[in-house]
Amino acid sequence: MDENTTSAPRLVIPEMLQDLPEPVQRYLTYTGIVGKPWIDTVYLKQTGRFRQGADRPWMPLSAEEFYTTDPPGFVWNARFKVAGLPLLRAKDRYELGHGHMFGKLAGLITVFDVRGEELDQATMIRYLNEIMWFPTAFVGKNISWQEVDDSSAEVTFNDGGKSVSARMTFDDEGRLTNFATMRYREIEGEFSLDPWSTPMTEYGERAGLNLPVRGQAVWHLPEGDLPYADLEITHVEYNTGKT
């Protein structure tokens, strides 16, 4: 082979979608992923706000996130403003079936450093939730589907000998409107398994695809719903080698 010849990129073809539940096929068609290259790595930027409880103030945040799809994983680096100052930095990581959440205040004081089975489940759920931003993962080898009805499907993510599942809901145009599951919530070092969802509120074009670009994260608790994150995806890059 000529040393200047490179192999053609793997493309998403219609046949890859044919065994998926119909609502999932609608979503992938809506995104425009058919005919596009397979996504191996992802780099994105986020802005938004976050709070640690209903009685806690909202903190503005900016973040960047890096994903790999084979093997599946992510690293999320975020900076939060506390009392108007960018004092809190946090990192959330998922790799080889395990999660790690770490945060420092003013670059000096460790305010959380969490690992364990509950966090593994929570970060697996997060990865599954966020494949909406790199749609080839919907037909990845670690993802399986079961149709529920004409507007929703159950999705399961298997990795590292573990699995998590959720229900995704889609509108008539194919847009993903919600993701709902049970997820572990960390509260001052203790964990509670609670209903969790991420309703999508806005779509836009990023990296040549039609994607959810704004939404919330919500805990559904006995005392009432707790929206605790409101995020916007401002920038996406695929297969650029950024890590």
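For segment 83-108, which positions are assigned to a strand (DSSP E or B) and either open to solvent by 50 Å² or more (accessible area, probe 1.4 Å) or among the hydroxyl-bearing types (Ser, Thr, Tyr) (or both)?
LEU85, PRO86, LEU87, ARG89, LYS91, ARG93, TYR94, GLU95, HIS98, PHE102, LYS104, LEU105
In segment 193-209, which residues are open to solvent by less than 60 Å² (accessible area, probe 1.4 Å) and over 18 Å from TYR127 (Cβ atoms)? Don't jump to the end; show me each part of the working.
Going through segment 193-209, the residues open to solvent by less than 60 Å² (accessible area, probe 1.4 Å) turn out to be 194-200, 203-204, 206-209.
Residues satisfying the conditions are ASP194, PRO195, PRO199, TYR203, GLY204, ARG206, ALA207, GLY208, LEU209.
For residues that are open to solvent by 40 Å² or more (accessible area, probe 1.4 Å) and farther than 28 Å from HIS100 by Cβ, tally how many sit in segment 210-224.
The qualifying residues number 3.
Is it the case that segment 37-46 has a residue that's farther than 30 Å from ASP150 by Cβ, out of contact with any Lys or Arg (no Cβ under 6 Å at 6 or more places or on another chain), surrounded by fewer than 15 Cβ atoms within 10 Å (Cβ to Cβ) and of a type in the set (Ser, Thr, Tyr)?
No; the residues of segment 37-46 include none that is farther than 30 Å from ASP150 by Cβ, out of contact with any Lys or Arg (no Cβ under 6 Å at 6 or more places or on another chain), surrounded by fewer than 15 Cβ atoms within 10 Å (Cβ to Cβ) and of a type in the set (Ser, Thr, Tyr).
With GLN25, GLN52, GLN18 as the choices, which residue is touching a helix residue (DSSP H, G or I) at 6+ places or on another chain (Cβ under 7 Å) and open to solvent by 30 Å² or more (accessible area, probe 1.4 Å)? Spell out the reasoning first.
Working: GLN52 fails: touching a helix residue (DSSP H, G or I) at 6+ places or on another chain (Cβ under 7 Å); GLN18 fails: touching a helix residue (DSSP H, G or I) at 6+ places or on another chain (Cβ under 7 Å).
It is GLN25.
Of all residues being assigned to a loop (DSSP other than H, G, I, E, B) and open to solvent by 30 Å² or more (accessible area, probe 1.4 Å) in segment 158-185, which is modelled with the lowest pLDDT? Just the residue, please.
Across segment 158-185, the extreme among qualifying residues is GLY160.
For VAL111, state whether it is open to solvent by 30 Å² or more (accessible area, probe 1.4 Å), at negative phi and in contact with a helix residue (DSSP H, G or I) (Cβ under 6 Å, 6 or more places away or on another chain).
Answer is no for this residue.
The values are calculated or read from the model by the stated rules, or taken from the named source; none is laboratory data. Not measured: the values here are computed from a predicted model. As a convention, Cβ positions derive from the backbone with ideal geometry for all residues, glycine included, and neighbour counts pool all protein chains shown. Heads up: the accessible areas ignore ligands, DNA and RNA and are worked out on the full protein's heavy atoms, side chains in. Shrake-Rupley method; radii C 1.70, N 1.55, O 1.52, S 1.80 Å.
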